[in-house]
1. Determine the pairs where a residue that is over 18 Å from residue B:166 (Cβ atoms), located within segment B:68-94, has a partner that is within 16 Å of ligand 2 (Cβ to nearest atom) and β-branched (Val, Ile, Thr) with Cβ atoms under 8 Å apart, the partner being 6 or more residues away or on another chain.
2. From the list B:219, B:182, pick out the single residue that is within 20 Å of the chain's Cα centre (by Cα), part of a helix (DSSP H, G or I) and within 14 Å of chain A (Cβ to nearest Cβ).
3. Taking into account only those residues within segment A:99-130 that are aliphatic (A, V, I, L, M) and either under 18 Å from the mean Cα position of the chain (by Cα) or within 14 Å of another protein chain (Cβ to nearest Cβ) (or both), which is farthest from residue B:95 (Cα to Cα)?
4. Answer with yes or no whether residue B:198 is at pLDDT 95 or above, part of a helix (DSSP H, G or I), within 16 Å of ligand 1 (Cβ to nearest atom) and of a type in the set (Val, Ile, Thr).
5. Filter segment A:90-141 for residues that are of a type outside the set (Ser, Thr, Tyr) and part of a strand (DSSP E or B) and give the result.
6. Return a yes/no flag: does segment B:294-312 have any residue that is within 16 Å of ligand 1 (Cβ to nearest atom) and within 14 Å of another protein chain (Cβ to nearest Cβ).
7. Of everything in segment B:1-15, what is of a type in the set (A, V, I, L, M) and within 17 Å of residue B:215 (Cβ to Cβ)? Give them in sequence order.
8. Going by the structure shown, is residue B:351 under 30 Å from the mean Cα position of the chain (by Cα), of a type in the set (D, E, K, R) and modelled with pLDDT of 95 or more?
Amino acid sequence: MLTELEIHEIKEEIKLYPYAHAACIEALKIVQHYRGWVSDESVKDIAEVLSISASEVDSIATFYSRIYRKPVARNVILVCDGMSCMVMGYQSVYEYLAKKLGIQWGESTTDGRFTLLPISCLGDCDHAPSMMINNDLFHNLSITQLEDILEKYI
Amino acid sequence: MEKPLTGHIKAEGIPLNIREYEVAGGYTGVQTVLKKMQPMDVINLIKDAGLLGRGGAGFPTGLKWSFVPTGSDVPRPVYLLCNADEMEPGSFKDRFLLEGNPHQLIAGMICAAYAIQAEKAYIFLRWAYKKAETILRKAIAEAYAEGYLGKNILGSDFSLDIYVHTSAGRYICGEETALINSLEGKRAIPRAKPPFPTTSGLFGKPTVINNVETLCWISHIIENGADWFKNLGLNGEGGTKLYGVSGRVKKPGIYELPMGTVMREILEKHAGGMTDGYNLRAVIPGGASTEFVMEKQLDVKMDFVSLKAVGSRMGTATMTVLDDKTCPVAFLHNIERFFAQESCGWCTPCREGLPRVEKMLLAIEEGNGKEEYLESLKFHTTYCGPGNTFCAHAPGAMEPLQSGLEYFHDDFMRHINEKHCPWRSND
Ligand SMILES: Cc1cc2nc3c(=O)[nH]c(=O)nc-3n(C[C@H](O)[C@H](O)[C@H](O)COP(=O)(O)O)c2cc1C
Ligand code: SF4
Ligand code: FES
């Protein structure tokens, strides 16, 4: 079930559009903001608020890469694997993180602390290699800095 | 040298607030437009200046605006959309403008909206641009507080609201009709044209979509005139251009230079040349969907016409340098993996073809390639090319591949004959 607050926020978004289902992406973002990801149950709940079918909400949710349909850890690490970061050596950043955390692309640590995902180009190519953790950008990365960066996230 | 777009961007990184930008003359274009010009005058001025869209295709901006219907029976509201999705690998110029001088964009959008008589505007912002989002929201709030946005701007009968929409992530959102679908809360799948957005766009209303850098020009052109703009360029196309350089150069970054500046000059003089120990092999001139420019072609002028003449494209004009320590096959695989992942799945050549291209490149890179793959890859450059797909995504993906197959033929053959990547053994 969605919380009162989530429903309220979705209804506020609906007001900005000519019809309710136009707020679908915003509704998904709101639910993900509070829950970290969007479950099957949430998909159904959102569909109800927007008066559209759950399968329609799901087709939209699965289309966009920043809507997570599977649970993610408390902190999501997005390592840029775009072409400029490749030239500048993102592979060594990935290999370090994968080894240190014992996970590969798409996986989460068992303690629920980190999920490791690739991302294509963060628009920060002049400071490659780049990565984001949650909303924070880190760039000009060298593997010697990575341990200190990870420590900021619990 | 004049740097109209970046002149007010401070090195320490905090953008001018609205008062400071007003003092610098940044909002005089808005005053002029609202007090002294008719919408048609603005369109004609931008046409005269010859401003070409900075989103990649170089479409004339004034001409695009003139397609918006006018008169009392026009469906309302009319929309202005600022394309700030910037997701093409290797592109980082719009981020620089958004973070560095948000009021320049807002002033430009007010003038552009007045020209097409739009009453609602959206900035479609890439989700990853968190810093830009904070800066933009603050700047928009300042503009409302000072009476530059909202009802009856500066006492005129023109009203405009600007909203920020953050994307939920997918490269195809940057394609203008997919962007419209995304703003409507749908999957970002391109729409058939015609109807063009200028007649039927967002929610079926007339809509103009322009790139960030394009819109940043508008109030400068109003303040300084069409001739001023034309004279900024070196080779017939007006204005300055934000050129970017990334890869193994000494000073990667954004450089605002006259349109038509020679590529070699940008790379060697401004970006400081190659990092010691690395040699340049080729350049992707403007994002992953543009064709390689080889070392022997570096004297090309960077403008829309000249780059086309050497078989490439300006795109976003943010260059990625391919150096001699990076395997070109692995580099191409990286590019095609991106395009394969980002296909929206609507048409078969793109949905089925791009993953096949990606797999063949991976096989070659890993030493499992066969010579006939090269034929098949070549076939795909036409199969996924212009005319066979619904939008420019797959044809764009084929541009670096087509030129890469030709320019790096020997490197491909070495992978196939030696059954491993020659660059990996160097490790
Ligand atoms: C797959 C694809 C992605 C695109 N991404 C962007 C983008 O991120 N930003 C942009 O301004 N234009 C992008 N474009 C171009 C837009 O469709 C459109 O031409 C442009 O925003 C128009 O602005 P302009 O006339 O000011 O250049 C993309 C096009 C395609 C086919
Ligand atoms: S070319 Fe690709 S991205 Fe464009 S509409 Fe077809 S499937 Fe979608
Ligand atoms: S390729 Fe990594 S930030 Fe652009």
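The values are calculated or read from the model by the stated rules, or taken from the named source; none is laboratory data. Being a predicted model, the structure only gives us computed values, none of them experimental. Cβ sites come from the backbone with ideal geometry, for glycine too, and all protein chains shown count toward neighbours.
1. B:89/B:335
2. Just one listed residue meets the conditions, B:182.
3. Checked segment A:99-130; the qualifying residue farthest from residue B:95 (Cα to Cα) is A:103.
4. no
5. If the condition is that a residue be of a type outside the set (Ser, Thr, Tyr) and part of a strand (DSSP E or B), then A:114, A:116, A:117, A:118, A:119, A:131, A:132, A:133, A:136, A:137, A:138 are the ones that fit.
6. no
7. Result: B:5, B:9.
8. In short, yes.
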